[in-house]
Every structure is written in structure tokens, then in C-alpha cells.
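Everything on this sheet refers to the single structure shown next.
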Amino acid sequence: MTTDLERLRQAHLVHGGAIAQDGIPLHYGDLLKEYQAALNAAVIMERSHEGRLSMRGTSRFDLLQRMSTNDMLSLKPSEGRATIFTNANARILDRVTVFHSPDSALIFTEPGRAQSVHNYLNRNIFFNDDAHVIDLTPTTRQFNIHGATADYVINHIAPQAVDLPPMHSMTITLADTDIFIARAKPMIGSHWLIKVDNQAAADVWESIVQQGASVGLVPAGSLTYNTLRIRSGRPGVMRELSADYIPLEIGLWDEVSFQKGCYIGQEIIARMESRGRLAKTIVSLTLESMSDAPMPLLFEGREVGRLTSSVTAPDGEIFAVGVVKLDMAIPGHTFTLPNGIRAHVCNRIGEQPEFLQQETNKD
């Protein structure tokens, strides 16, 4: 008997998908076509290795409020918000996006982080908390639509959702099944996130691909995602999203509330914000030739930052991300890698205020 996930796998193979060991397509045979579609039209990707958790109980938002950087208590029904779990030193543990769904907080994790987030939440549920966490990752699939014309695609296949405000969600019917759809934080153009139960995943995927083809939608794999991630400066798990950094240092100011009450790591983050001082910050870089990351960034022979992500796009353009001392995060500033390749600062990336100054003392 063909399983639900085998049907989905076959649907990818029909379109030329090369499947990685984790079951996620790497590409569909033409990386340049995928990349250009993302820039000029839209792409659909399976991102089921990004975790999906459901937290239920009357304490669910109180728990998230005391554990993470953003304001979870003010979330309205259907609204979503990204937030970050930090340790006592304000270093990043995990980043998640939380949507206020009926009777639950629906939590989307970074790739491969479902079990870690699930365990972390469970460790912080105390005897007087009314909260429990269910891992939906094994029983659901996730599809993301990105690109310049992603809204046009959604208007074509799911017109009832196209007017959703940023970071809002709803349940709709597609391919005779109920699916969760949300307008998520954009990476390039617009970003739509879809969650569907395993048994309907293949039908929903085929429905979207077939209907979307007439308006320029093409399937794309995780290699294209990685190129788009680095091109846009989105922090990546175990690259920029790691215990090496504090959220403010990697441009995630918009995922931190400075008005909420106490949470783990708040004191350090609040002090940085009130002083307007950072030791380092995230930048986009151009490399004179490709160099793998991570790697030190050197200035006059001393390390002043790290090359954290790099990629050569299918059209040959090289994109890179680094984290450098704040006073060197100046467009045009040049660093040298240990292999002799030079890296040039393009811009600061993410959400960063203009008033920042170099912090001379480490927290």
C-alpha cells in the first residue's frame, strides 16, 4: 500500500525532484529556473523539516511570554509573531513563529529544531501551569510559497486568503481539505506558509502546483531556499541563529519587545537597547570569490568578525552574511579571509536602529 508520504514523494519526483535523506527536495533539475522564478514570479517549496508544535492549555501564552523575547500576551486570534528563546546570557537558543490559533498556540520552528523546542518548552512547564505541547511535525507537512508574485498566486488558488494582513492566518479549504495558511515574514517578495495533514499533503501539493503553473509558479528545493536566505540576509539555524549571538546582534530587533515583563535573558538585552550599544552586528557582504563559511573576517591581521553564511547563486553572483564589530559595519569596508579572499560590506541587514554605537565592554 502506498503511504501518504510516499504519494507526496512521488509528486515531487514527477516534477524532477531530487530528494534529500530527510525527504525534502534539494532541487527540481534546473536551479537557475527556480532562482529566477523566485526573483521574478513565485516558487513553492516543501519545508516539512521545519517543526510544527501545538501548545494547549490556559497558560500557553503566559508560558511563552516568560520564556521568549517578544510579546505573546497581546497576540490576537489568527495573529502571528516571531520570538526567540534565549539563555540567561541572552544568547540565542531557538527562534520560532507563534500563531494564535483556536484553543492553541501554533508554533513553527527552524529546520530540524522541533524536538529541541518541544523539550525546552516541556522543561519549563511547572506544576501550576496549564499547558502541554504536542508535536505535529510527524503528522503534518509544510509548504511555503515565496516570490515577487506570490500574492498573485494565492489570489489565483485561494482568493479568500489573499487579503490577510502580514503575520495573520486562517483556515481554508483546498483540494477538499482544510489547511492552515498564513502570510509570514517575507524573505523575497511575499511569503505564504501552508500546513496540511499528511493524508491530504500530496493532493494539496499537486493542486497548488497545477493551478499555480498558469501564473508562473514553479516548485523549488532547499538549495534555492538557501540561496534566497543568504541573499536576503535572513539568519539561519546554527549559522547566525546560535549561542554565539544575541538577537539584537543579528538584526532581530523586531522580534524583541522592550515593553514586556521579565523573560530569560531580558536584563542583558534591555541594557543593550537602553544604552544603544552593541559589540557586533550583522551585515551583507560581497566576496571577490567564493569561500565557504564559517570563517574569520580579518582587518589588519586581527579577527574583527565572522563570515557566517555564503553561497554562489545559479547566475554566478556570490552572496554572503557576516557578523562584525559595529564600528566596521560600514558599506565599502573591506576585510580579508584567512585564505586571502577579500570581503566587502554592503549594508547592515535585518531590523536595526540608526542610533547604535560600538560597545567596548563585553556582556
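Coordinate-derived values only; no laboratory data. The model shown is predicted, which means the values in this text are computed figures rather than measured ones. Cβ atoms come from the backbone with ideal geometry, glycine included; neighbour counts cover every protein chain shown.
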Query - Rounded to the nearest 20 debye, dipole of the stretch 1-234 from Cβ charges on Lys, Arg, Asp, Glu - result: 740
Report task. May I have the convex hull volume per residue, in Å³, for the Cα set of the stretch 172-291? Result -> 185
Query raised in the report: Roughly what percent of Cα-Cα pairs across the stretch 248-363 reach past 17 Å?
Result: 56
Requested in this report: Identify the chymotrypsin sites (Phe, Trp or Tyr not before Pro) of the stretch 246-296 meeting these criteria: DSSP loop state and at most 15 other C-beta atoms within 10 Å of the C-beta.
Outcome: Phe258
Requested in this report: In a Gaussian network model over the chain where Cα atoms closer than 10 Å are linked, find which of Ala105, Ala158, Ala38 has the largest mean-square fluctuation.
Outcome: Ala158
Query raised in the report: With the Cα gyration tensor of the chain giving a ≥ b ≥ c as the square roots of its eigenvalues, does the rule (a/c under 1.5 for rounded; else a/b larger than b/c for prolate; else oblate) give rounded, prolate or oblate?
Result: oblate
Report summary line: Of the convex hull enclosing the alpha-carbon atoms of the stretch 1-156, the direction-averaged projected area in nm² is 12.0
**Report entry** Gaussian network model of the chain, springs between alpha carbon atoms under 10 Å - residue of Thr69, Thr312, Thr173 with greatest fluctuation
**Finding:** Thr173
Query raised in the report: Which distance in nm do the two modelled labels at Ala213 and Gln199 give, with both placed 7 Å along the Cα-to-Cβ direction?
Result: 2.8
Query raised in the report: In nm, to one decimal, how far is the modelled label at Ser274 from the one at Arg302, with both set 7 Å along Cα→Cβ?
Result: 3.0
**Report entry** Computed E for Met170/Asp292 - FRET, C-beta separation, R0 51 angstrom, nearest 0.05
**Finding:** 0.80
Requested in this report: Identify which of Ile24, Ile157, Ile341 has the largest mean-square fluctuation in a Gaussian network model of the chain, with springs joining Cα atoms closer than 10 Å.
Outcome: Ile341
Query - Label-zone membership for the stretch 123-156, site Glu317, 7 angstrom Cα→C-beta point, backbone N under 14 Å - result: 148
**Report entry** Estimated inter-spin distance, Arg56 and Asp163, nm [label 7 Å along Cα→Cβ]
**Finding:** 3.3
Query - In the stretch 204-277, the GluC sites (Glu not before Pro) that fall in loop regions by DSSP, at most 12 other Cβ within 10 Å - result: none
Requested in this report: With a cut-off of at most 11 other beta carbons within 10 Å, and DSSP calling the residue loop, which chymotrypsin sites (Phe, Trp or Tyr not before Pro) in the stretch 87-164 qualify? Please list them.
Outcome: Phe126, Phe127
Query raised in the report: Which whole-angstrom value gives the distance between the alpha carbon centres of the stretch 55-77 and the stretch 181-239?
Result: 27
Query raised in the report: Which of the pairs Lys185/Lys260; Lys33/Lys185; Lys260/Lys325; Lys76/Lys325; Lys260/Lys280; Lys33/Lys195 have their Cα atoms more than 30 Å apart in this structure?
Result: Lys76/Lys325
